[in-house]
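Before any comments, here is the structure.
The values are calculated or read from the model by the stated rules, or taken from the named source; none is laboratory data. None of the values given here were measured: they were computed from a predicted structure. Methodologically, a virtual Cβ is constructed for each residue, glycine included, from the backbone with ideal geometry; neighbour enumeration extends over all protein chains shown. These area figures cover heavy atoms from the full protein model, side chains too; ligands, DNA and RNA do not enter into them. Shrake-Rupley method; radii C 1.70, N 1.55, O 1.52, S 1.80 Å.
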Amino acid sequence: MNAAKQSGAALITALMFLVILTMLALSSMTSTTLEERMAANSAESNRVFQVAETGLSVAFADPRSYSMRNTETNPYTRESSAIGINTGAATFEYQSVFRQQTEPPRQTGYEAGKAAAFHFNLRSEATSAAGTTSTLNQGAFQIGPKG
Amino acid sequence: MNANSQAKTGAMTNTLPATRLYAARPPQGQAGFSLIELMIAATISLLLLAGAAGLFLSNKRIYREQEESAVLQENGRFAMQLLQENIRMAGYVGCSDDVTQLTNNLKDDVKRNGVNLANLYNAADNRTGTLNAIEGIDGGGRAWLPSGSGQNSGRMKPGTDAISVRYLRGQAETLPRAMGNAQDGVSVIAPSGAAPTMADLSEFAHTIAGVADCSGGDVFIVTNAGGGVYRIDGEPVPLINLRHVAGSSRNKTNALSRSYDTQAVISQFIARRFYIGDTDGDATTDDPGLFYTGTNFSEQGYKHVQNELLIEGVEDMQILYGVDMDANSDNIADEFHTAATVPDWNKIVSVRIALLVRTLRENRDIQNTQTYNLLDKTVRMDGDGYRRRVFTTTILIRNRDA
């Protein structure tokens, strides 16, 4: 009974099945990894979007956003680190630009001859550590005396 | 010589019979299997094979299930992302943020490349006559609310909701030079950065565009485009001039509501309708998917599409509208209504949306008799072989949030 005399295909068959199952497992692992990355990316972009929303809320509440000196070439800019808000893994930066002076919109109830609406464009850009960015723009106006 | 060859022949004739004798005997170590040995071997290998095949089949099934549920999740996520991006932008018209301050210069029979866009762009609110940022259908087979315009959306699956949004594309550009009067063309900087060619100009023809500043805007269809290099502040700037002439299936008048200066922005005016339709177009609606009609999603090659499939497997869509009921609007939704019961479409501040997404292939191993809750609707399955999942989200309509 030496090795040369043994016969049969058990090893080969077993190996073949092993290879097939390994390939199945590998391809399912690949697609799982891909899925995981897609989910992570979607969570990341969501997070960055929410941070940009936070920035916009802060910009909206910041009285210095509403100055006519915030021009296109010299906008008023502020970063989240300067405000002291913990936004987790992402930071935001907002800026305000004065756009235009118009008659007060109808729904505000102000008289057109005496008051005016001063329109600003608020823009908030959030950036995560991984480099994902989200930019939000919002128009805002403040009613003031005409002039 | 002769003797030598004789001897050789002799030697050969001597060995031949011996060889024959040897072949007649079974060689040592090469004996065949007996029948019993063969049967046992076959049985054992069959058992082993059955086990391995079982393992293989169950592995394959698991793989398929995983794949299907991954595709399901992906479809749901993608559908939600698309809807979120569009609904969030609804009503954006530049600085004024008020779609009711837009003047719609499009004719009621406006067409683009043969596609009738009347319902998309002339779905004016019956009461105020202004464009609606958002419209809805509550349960397929009815008209769009609040405009009451026809469906214009292929075959909607009965019982599903639909939503329609209109807005100015976000990447709006400020006008490089002021219009001389309200009939003048609206200028944009040539995207190529050089004097516009005929091909550049034809890109812009028949675009539905919106021009707006902080106190309102106009929507018009570009009838033709001209171009050239103009001097602005002493610098040569290649411009494309978008003209808006009146005509059948085009604009109502040659003039916009007023002339715009360099504080105004211009961009494409987008209108899209999302609904649940049937992917194979047969008499039934048992192959559902999310469809859209309106401005195409491609960044290049502006056009309008009708009844295009976006995502397969989206079986149901239910929508509730968050309405701010306060007299002094605080932009917080106080009540959620279906499209049929919304009291005032201009007071919608958010949209709550639920999608029922199913796997793409039927799996005969399962019987789905679950009940799914989609906001105002409950769906009970009759035991088919699809797995399903519900996706729900609430979207703030940014441009109602003053």
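Assorted remarks:
Yes/no per residue for (1) within 21 Å of residue B:270 (Cβ to Cβ); (2) aromatic (Phe, Trp, Tyr); (3) within 14 Å of chain A (Cβ to nearest Cβ):
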| residue | (1), (2), (3) |
| --- | --- |
| B:159 | no, no, no |
| B:163 | yes, no, no |
| B:183 | no, no, no |
| B:191 | yes, no, no |
| B:194 | no, no, no |
| B:204 | yes, yes, no |
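- Considering the range A:99-124, the residues that are part of a strand (DSSP E or B) and of a type in the set (Phe, Trp, Tyr) include one that is most open to solvent (accessible area, probe 1.4 Å), namely A:118.
- Residue match in the range B:48-69 (condition: more than 10 Å from chain A (Cβ to nearest Cβ), under 56 Å from the mean Cα position of the chain (by Cα) and open to solvent by 90 Å² or more (accessible area, probe 1.4 Å)): yes
- Selection count where residues are crowded, with 17+ Cβ neighbours inside 10 Å and touching a helix residue (DSSP H, G or I) at 6+ places or on another chain (Cβ under 9 Å), scope the range B:357-381: 3
- Test: residue in the range A:87-98 that is away from chain B (no Cβ under 14 Å), in contact with a strand residue (DSSP E or B) (Cβ under 8 Å, 6 or more places away or on another chain), open to solvent by less than 60 Å² (accessible area, probe 1.4 Å) and hydroxyl-bearing (Ser, Thr, Tyr): yes
- The number of residues in the range A:125-147 that are closer than 16 Å to residue B:97 by Cβ, buried (at least 18 other Cβ atoms within 10 Å of the Cβ) and more than 9 Å from chain B (Cβ to nearest Cβ) comes to 0.
- Residue A:44 open to solvent by 90 Å² or more (accessible area, probe 1.4 Å) and not in a strand (DSSP E or B): no
- Condition met for residue A:36 (among the acidic types (Asp, Glu), open to solvent by 70 Å² or more (accessible area, probe 1.4 Å) and either within 13 Å of chain B (Cβ to nearest Cβ) or under 27 Å from residue B:71 (Cα atoms) (or both)): yes
- Any strands (runs of 3 or more DSSP E) falling wholly within the range B:328-402 and containing at least 1 residues that are within 14 Å of another protein chain (Cβ to nearest Cβ): B:348-358, B:388-396
- Residue A:19 vs. criteria away from chain B (no Cβ under 11 Å), under 30 Å from residue B:58 (Cβ atoms) and not in a loop (DSSP other than H, G, I, E, B): yes
- Only listed residue being among the charged types (D, E, K, R), at pLDDT below 90, surrounded by 18 or more Cβ atoms within 10 Å (Cβ to Cβ) and more than 33 Å from the chain's Cα centre (by Cα), chosen from B:177, B:231, B:250: B:177
- Selection status of residue A:59, within 12 Å of another protein chain (Cβ to nearest Cβ), surrounded by 10 or more Cβ atoms within 10 Å (Cβ to Cβ) and either closer than 29 Å to residue B:56 by Cα or aliphatic (A, V, I, L, M) (or both): no
- Scanning the range B:269-324 for residues that are assigned to a strand (DSSP E or B) and open to solvent by 40 Å² or more (accessible area, probe 1.4 Å) turns up B:306, B:307, B:308, B:309, B:310, B:312.
- Of all residues making up the range B:76-101, the number that are open to solvent by 30 Å² or more (accessible area, probe 1.4 Å), touching a Gly at 6+ places or on another chain (Cβ under 6 Å) and either more than 7 Å from every other protein chain (Cβ to nearest Cβ) or at pLDDT 85 or above (or both): 1
- Count of the range B:180-207 residues, restricted to those that are within 28 Å of the chain's Cα centre (by Cα), open to solvent by less than 30 Å² (accessible area, probe 1.4 Å) and in contact (Cβ under 8 Å) with a residue 40 or more places away in the chain, is 1.
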